Structure formats: structure tokens, C-alpha cells
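The values are calculated or read from the model by the stated rules, or taken from the named source; none is laboratory data. Note that this is a predicted model, so its numbers are computed, not measured. Reconstructed Cβ throughout: ideal geometry from the backbone, glycine too, with neighbour counts over all protein chains shown. Side chains included, ligands, DNA and RNA excluded: accessible areas come from the protein's heavy atoms. Shrake-Rupley method; radii C 1.70, N 1.55, O 1.52, S 1.80 Å.
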Amino acid sequence: MSDNEQSVYAKRVKTIHYGSLEESDRWHVERKDNDTDGSGKTDYSQLTTADYMTLDEDVAKEKAALLEEFERRKKARLIHVSTDDGEVKSALRKLNEPICYFGEGPADRRLRLKELLSAYVQNEQNRFPILQLGEKGLPAAKPAKEEEKPKNQQKETNESTWYHEGPESLRVARFWIANYSLSRSKKRLEEASEKVRQHSATKAGRMVELQKHIQQLAPQCSQVGDTRPITGCSINEDSTLLLTCSLSSLCKVWSVPDCTLKQTLRGHKFNVSDVAFRPGVANDSKSEVAMASCSFDGSVKLWSYDSEESIADINGHVPHRVAKLAFHPSGRFLGTACYDASWRLWDLEQKQEVLHQEGHTKAVHCIAFQVDGSVCVTGGLDGFGRVWDLRTGRCIMFLEGHLSAIYGVDFSPNGYHIASGSQDNSCKIWDLRRRQMVYTIPAHTNLISDVKYQKNGGNFLVTSSYDKTAKIWSDKTWQPLKTLSGHDGRLVGIDISHDSQYIVTASYDRTFKLWAWD
């Protein structure tokens, strides 16, 4: 046929059906039974509307079965089964199933147990909607009828609790912290309201002046602190004393700003990892706890200004390393971060441990308290941080976002911003009110060892890193304001004086540097 010839199309005759379709449906069913050939297949080319309706019903049933199978597999994934092969076999035995098939390995056996449990739950939930799985993945006992249960058993079930009561000292500490933090939070909110009412031009002028001061920062003193690397540093409340520690097991007290040695604290038998000044203690006080230090061997020592020997020892962490410690803003409590995947709270007035808190999957490396004293934040080598309410003991925020271990955390004076420095070279800012991360600062080219907020305003943040530098960042825009360089080794610790006049950096080059405005 040529392209010029017109194609003739056969017009399909429209068929109109009258009356009931019962006879037609019966005829189609009989023809479907008779038209199957030896292969069991049916000629679908002659199917009518009724036949298609039958196929749709079959497809719907197949879809429903497929969805049911997907749901069962989903439930199987959510079931927790022990990785111990012995416990898996014991669970199979309790279900009256073979504990082993030919050629079946531990992983296959564990998967089979999950499948059995998911099928069991699916079959039994219609009859027992409250059916649950026990701790080891085994089905809980079927609930008996209410009238068959003894009254005593019902009472015990209703009164069961998932927690255990703490000591009386913990109750006393929590009530005291609640009363202390309420007054401080009220004062902080009043100050925040006053700042909001200030004119924007006034606030902008103060920020410009602060940035000019930061640009003028210069090293005022560089001092060899020990014969071995410096591991930590801290400045007291009136900015007159500096406390350092090192791998030589010594802690030293220096005057500020001339950096002359005033006191050497001897007592640790191993590397000292961190030090801290106790707030609210005068420099001329005697026989009073004024400083604290922690060591790699798990020992924590308390020091006074009038003695070179410790006045009290805390040995509850041995043999696990205590990486960082921090005093509560009240000075009554001491928080310690331990490598046994827990942190602890010590009451210096009751002279005992009031809280041993777990929650991290790996070692806890750092801890910091909020300015009100109501909550604290911890960071661990598992790459996660947690915010804890000291009045209730609950974890109220989970810091998830870092790709590696967290080595430094700190609270902003505003009470709701948290900074965390990690091994992934980044510093993240978190908002406690929104309970989420608000900004990520790609701060350094190596891991961040510590972070510190400005204590009397929170207008800037300082980070120290293993890239041998410390950097200052603005609070709202998180732009770099100044880079403090000059150390020959990695930086492991920083601190800012309460009057914002000094910044101290401690390094593995055995020196510490005191930075001040020109």
C-alpha cells in the first residue's frame, strides 16, 4: 500500500446490553471454566467487564496480602532480639520451635526468631490487644480475665514503677538547686528584658566597640608552665589568679597579669587532665575548698589557698579517667565527667556523691553548668550531647549532629544557647528553647579541644583546636573576629576572665599565653 492511499479502519460496533446481567455473568463463568487449555491458562483477549471486575478483586487481595507481609516485616525489624546465640536458642525452645535447622548459623537463627515473634504478635494482637514483648524479645504472658486475677496481683501491677528511689541526700540537693535556680533565672530574665528595651543603635555601638577591642588582642604574657605539656587552665572570679595543670601531675597557681608562680599543688600521682576554681571563695580564705583537679587515674582532689596538699580526695571514679570537671554556679556542687560513660554530681556540704548519671554509650569527656544552675550539659566520645535537668534528673535535650566525639561544651550567659566543639572540626550552636541546632561553624582544620563563651555578656565565643590556634567568633552572626596564633603545639584548653579582660590558652608546647587588650 502506498503512502497516498487512505487506510480503511473498521469501526467497532457498539453493543448495548439490556436487562439483568446474571445470565451473562453465569455464562462468562462457565466459559472461563471451559476455555482453559492444557497449560491451565485462559485466553484473556475475550474478557468482558465482569471478567475484569473479577481480576480486580484478585489483584486487590494480592495487594492486601503484600501489605500485610510488609507490615509483618516492619514489626519484625522493631523487635529486639538478643545477639547471644544461647539466649536465642532458649527463646526458640520456649516457643516450642526447633533450636537449630540443618545449615543454620547464629545470624539465620536470630532472624528466624524475629520472624516467629512478629507472626506471633500479629496473630495474637486481635485476641489480646495489650500483648507486649518482654525485655528479651519473648512474648509476655497472656492476660487472664479480670475476675480471675487476685486482688493483690492487680494492686501490685498498678503500683509498679520503672525507676528506683534515690537517697535522701539527692532529694535535699534537688530541692536546694530548685530554690537556688528560681531566683537566679528571675534575675536573668529581668536583665534580658532590659536589653530588649535598649535602643538598637546603642546595642550596635557596643558591638562595634567590642569588635575593635577584640581586634586589638595581643599576647601580654607567654610563660613556660611546666616541664611537660599543659592540659588545662582556669581563671578565678576576680581575674587575679590563674590555675594550670599538666602531664607532670602538678597543678600551679599563677598571678594575673604578671604570671608569677604563687603556689604549687602536689598530690596527684598521674597526669592531671583539668582544673577549676570554686566560685564565691575569697583569695585570703583558709582551709576552705577553693580549687579542684582531676586525673587520668580517676582521682579528684580539692585544694585550698593556704596549703600545697589536698584537703580532700574523691576516689569514686577509680580506675576510670576523669576528663573534665566543673563547679556549680553556687559553688556547693562539683560535676565530673568520667570515662565509665557516666557523669557524677558531688555535694561538698553533705560531703558525698548525690547523683551518678548514665546515658552516654561511650566515655563522657566534658561537662558545663547553666548560669542559673538548674541544668547542665555533657558531651561524650559517642558524638552526642545531653542536657540534664538537675531538679528532676531527666534528660531534656539530646544534641545529635556531630560526626565524631565532643571534646568541649559551654552554656551562654543568656541561659539557652549551648556551644559544642567536636573532633569533626566544627562547633555547633544549640538552642535549648527550640531544642534543636541553630548553626554550625566550620571553625578549624583540626579537632576542637574546648569552647568557651564570654562570661559577662555572651557576645563572643572562643574555640581552641589542635591546629595550634584559637579563634574568636561573634555571637549572633558567628563570623570570625580574631585568630590567636603563636603556640608551637596543639591547644588543649582555654578560659576567659569574668571581666572579659583576659583570655588564656594552654598548649602541648608546655606554655600558656595570656591575651589582653592593648
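Take HIS356: with every protein chain present and a 1.4 Å probe, its accessible area is about 80 Å². Accessible area per residue for region 168-517 is 41 Å², calculated with a 1.4 Å probe on protein heavy atoms, without ligands, DNA or RNA.
On a 21 Å Cα-Cα criterion, which of the cross-link pairs LYS362/LYS452; LYS452/LYS482; LYS89/LYS362 come out too long? LYS362/LYS452; LYS89/LYS362, as the Cα separations exceed 21 Å there. Remark: spin-label model distance LEU403-LEU189 equals 4.1 nm, labels positioned 7 Å along the Cα→Cβ axis.
Using only alpha carbon pairs under 8 Å that are at least six residues apart, calculate the relative contact order of region 227-290 and give it in whole percent. Could the numbers behind the result be given before it?
On the way: 127 pairs, mean separation 19.2, N = 64.
Relative contact order here is 30 percent.
Rounded to the nearest Hz, the phi-derived 3J(HN,Hα) couplings of region 208-217 under the Karplus curve 6.51 cos²θ - 1.76 cosθ + 1.60 (θ = phi - 60°) are 5, 5, 5, 5, 5, 5, 5, 5, 8, 4, where x marks glycine and proline. Scanning residues 5 or more positions from GLY232 or on other chains, those with amide H under 5 Å from its amide H are CYS245, with H placed 1.01 Å from N in the peptide plane.
Computed from phi, the 3J(HN,Hα) profile of region 105-118 under the Karplus parametrisation 6.51, -1.76, 1.60 (θ = phi - 60°) reads x, x, 5, 5, 5, 5, 5, 5, 5, 4, 4, 5, 5, 5 Hz, with x in place of Gly and Pro.
Were the residues from LYS351 through SER485 laid out at 0.36 nm apart, the gain over their Cα-Cα distance would be 44.0 nm.
Region 168-517: D in µm²/s via Stokes-Einstein (Kirkwood Rh, Cα pairs, 20 °C, 1.002 mPa s)? It comes out at roughly 106 µm²/s. With 0.36 nm allotted per residue and the present C-alpha distance subtracted, the GLU69-LYS212 stretch has 44.8 nm of extension available.
One Cα centroid belongs to region 332-350, the other to region 200-239; the line between them spans 29 Å.
Is the shape of region 404-518 rounded, prolate or oblate, going by the alpha carbon gyration tensor and its root eigenvalues a ≥ b ≥ c, with a/c under 1.5 for rounded and a/b larger than b/c for prolate? Walk me through the numbers before you get to the answer.
Working: a/c = 1.96, a/b = 1.29, b/c = 1.52.
Cα axes put region 404-518 in the oblate bin.
Could you sort 229-236, 57-64 so that the peptide with the highest average Cβ count within 10 Å comes first and the rest follow in order?
229-236, 57-64
Between SER200 and ASN96, residue separation times 0.36 nm minus the direct Cα-Cα distance comes to 29.9 nm. Farthest toward the positive end of the dipole of region 399-518, out of HIS487, GLY458, THR445, is the Cα of GLY458, where the dipole comes from beta carbon charges about the Cα centre.
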